[in-house]
1. Given H placed on each backbone N at 1.01 Å, which residues far from Phe11 in sequence or on other chains put an amide H within less than 5 Å of it?
2. If you put +1 on each Lys and Arg Cβ and -1 on each Asp and Glu Cβ, how big is the dipole of the chain around its Cα centre, in Debye rounded to 20?
3. Which of Gly87, Thr33, His10 sits closest to the plus end of the dipole of the chain, meaning its Cα is farthest towards the positive end, when Lys and Arg get +1 and Asp and Glu get -1 on the C-beta?
4. Could I have the simple spin-label model distance between Arg54 and Thr89, label points 7 Å from Cα toward Cβ, reported in nm to one decimal?
5. Subtracting the Cα-Cα distance from 0.36 nm times the residue separation, let me have the gained length for Lys76 to Met20 in nm, one decimal.
6. How big is the Rg/Rh ratio for the chain, C-alpha atoms only, Rh by Kirkwood, two decimals?
7. For the modelled label position 7 Å from the Cα of His10 along Cα-to-Cβ, which residues of the stretch 16-55 have backbone nitrogen atoms closer than 13 Å?
8. Give a residue-ordered list of calculated ³J(HN,Hα) values for the stretch 14-23 (Karplus: 6.51 cos²θ - 1.76 cosθ + 1.60, θ = phi - 60°; whole Hz; x for Gly, Pro).
Amino acid sequence: MRRYVFRDGHFRDPKTGTPMTLPAGPLARPGITRPMPEYASPIDGRVISTRHERREDMKRNNCVEAGDMPSPTGGKIRNKAFAAKRGLTVSEDYR
């Protein structure tokens, strides 16, 4: 595996100084997730310090992420004022 150094805003060969050639497709890179801060579970008070503990706490207490909750209208618009303000139309089911 070749090694490169970062100089003048580009990755370069350390011996020759030629810029690194990039592949035509997307570059593979590692994903880095920041550690989450420790907190007490609002349901049972246990200390949660890892994402695994958080998932287990939510499963144990029958909870779901707010973003994962289904829409009560299934994505259909029923509020006339909301639709008018945004230039949308109210769904046929709510007219």
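1. Amide H to amide H, under 5 Å and 5 or more residues apart or across chains, Phe11 pairs with Met20.
2. About 380 debye.
3. His10
4. 4.1 nm
5. Residue separation times 0.36 nm, minus the Cα-Cα distance, leaves 15.1 nm.
6. Ratio of gyration radius to Kirkwood radius for the chain: 1.28.
7. 16-22
8. Values per residue, Gly and Pro as x: x, 7, 9, x, 6, x, 5, 7, 9, x Hz.
Any read-out appearing in this document is the output of simple, stated calculations on the displayed coordinates, not a laboratory observation. Owing to the predicted nature of the structure, the values given are computational and were not obtained by experimental measurement. Every residue, glycine among them, receives a Cβ derived from its backbone with ideal geometry; neighbour counts consider all protein chains shown.
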